[in-house]
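Contents: one structure, followed by commentary.
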Amino acid sequence: MAQETLFPAPAEPAQKDQPLAARMRPRSLDEFVGQEHLVGPEHELRRAIEEDRVGSMILWGPPGSGKTTLARLIARVTSSHFVPLSAVSAGVADLRRNIEEARMRTAQSGQRTILFIDEIHRFNKGQQDAVLPFVEEGVITLIGATTENPSFEVNAALLSRTRVFVLAALDDDQVGAIVDRAVSDPERGLGGRHV
């Protein structure tokens, strides 16, 4: 049963009103630049995404390597509901609320939820432990993102229930390809504006 509210949820911003980076997010694995060792043709993670059999994971890599973009893309390709949280600002109450919503969503519509926790290494042991039973039960698919070595920053129980995928920094050619696409794409980018 839907909850009633006095204030409707804000509408999604129109595509043209979004920042360039948001408009240019990849819509498919083929548009994703970099990380060929993970999402290139015939690689294990790509097959899991395309076959809709993605398990909980930790994405470990430097800033700008595509961790958040990949998590959003996984949700898009698998038609999962995407719930982003920042470990800097979220607490156990936020986790419990989002997990309960995920449980209800699955019961009502069958749609799975990807709980994306950015900077998961900033969660303390208690916060990480709060996620654990719901990962075990399959209530959520956890995707954690971190710039820190998960072997030292994620507790062993949670780490043992996830796969760690290591992302590499993008090289100059990959960054150039992203910039070229943003400048030339007439639908989502700056193409047609004679930049």
Everything considered on the Cα gyration tensor (a ≥ b ≥ c; rounded for a/c under 1.5, else prolate if a/b is larger than b/c, else oblate), the stretch 53-111 must be described as oblate
For His81, distant residues with modelled amide H under 5 Å away: Arg112, Thr113, Ile114
Show me the GluC sites (Glu not before Pro) within the stretch 38-79 that DSSP assigns to loop and that have at most 12 other Cβ atoms within 10 Å of their Cβ. Glu42, Glu51
Using alpha carbons only, how many degrees (0 to 90, rounded to 10) separate the axis of helix 67-77 from the longest principal axis of the chain? 80
Tilt, helix 92-109 to longest principal axis of the chain (alpha-carbon atoms), in degrees rounded to tens, equals 80
Charge dipole (the chain, unit charges on Cβ, about Cα centre) - positive-most of Gln111, Leu29, Ala71: Gln111
Here the relative contact order (percent) of the chain, from C-alpha pairs under 8 Å and at least 6 apart, is 27
Once you sort the root eigenvalues of the Cα gyration tensor of the stretch 10-150 as a ≥ b ≥ c, which label holds: rounded (a/c under 1.5), prolate (a/b larger than b/c) or oblate (the other case)? rounded
If you fit an axis through the alpha-carbon atoms of helix 125-137 and take the longest principal axis of the Cα set of the chain, what angle between them do you get, 0 to 90°, nearest 10? 90
Net charge (Lys, Arg +1; Asp, Glu -1) of residues whose beta-carbon lies under 13 Å from that of His121, His121 excluded, is -1
List the trypsin sites (Lys or Arg not before Pro) within the stretch 89-195 that fall in a DSSP loop (any state other than H, G, I, E or B) and whose Cβ has at most 16 other Cβ atoms within 10 Å. Arg161, Arg193
How charged is the neighbourhood of Ser79? Take every other residue with its Cβ under 9 Å from the Cβ of Ser79, and add Lys/Arg as +1 and Asp/Glu as -1. +1
Once label points are set 7 Å from the Cα along Cα→Cβ at both Glu187 and Val175, what is their separation, rounded to one decimal in nm? 2.8
Treating only Lys and Arg (+1) and Asp and Glu (-1) as charged, each at its beta carbon, one finds that the stretch 55-184 has a dipole about its Cα centre, in Debye to the nearest 20, of 460
Hey, can you grab everything whose amide H is under 5 Å from the amide H of Met57? Only 5+ residues off in sequence or another chain; H modelled, so Pro and N-termini drop out. Leu142, Ile143, Gly144, Arg163
So what are the ³J(HN,Hα) numbers for the stretch 112-118, from phi and the Karplus equation (6.51, -1.76, 1.60; θ = phi - 60°), rounded to whole Hz, Gly and Pro as x? 7, 10, 9, 9, 9, 10, 6
Can you sort Val139, Val77, Val183 from fewest to most other Cβ atoms within 10 Å of each residue's own Cβ? Val183, Val77, Val139
From the phi of every residue in the stretch 172-177, what ³J(HN,Hα) in whole Hz does the Karplus formula 6.51 cos²θ - 1.76 cosθ + 1.60 yield, where θ is phi - 60° and glycine or proline is x? 4, 5, 5, 4, x, 5
Total formal charge among the other residues, if their Cβ is under 11 angstrom from that of Ala177, Lys/Arg +1 and Asp/Glu -1: -4
Where a ≥ b ≥ c are root eigenvalues of the Cα gyration tensor, a/c under 1.5 meaning rounded, otherwise prolate if a/b exceeds b/c and oblate otherwise, the stretch 79-193 counts as oblate
Given labels modelled 7 Å from the Cα in the Cβ direction, how far is it in nm from Glu42 to Leu159? 3.3
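Here, each number is a calculation from the coordinates, and none is a lab measurement. This structure is a prediction, so every number in the text was calculated from the model and none was measured. So basically every Cβ, Gly included, is an ideal-geometry build from the backbone, and we count neighbours across all protein chains shown.
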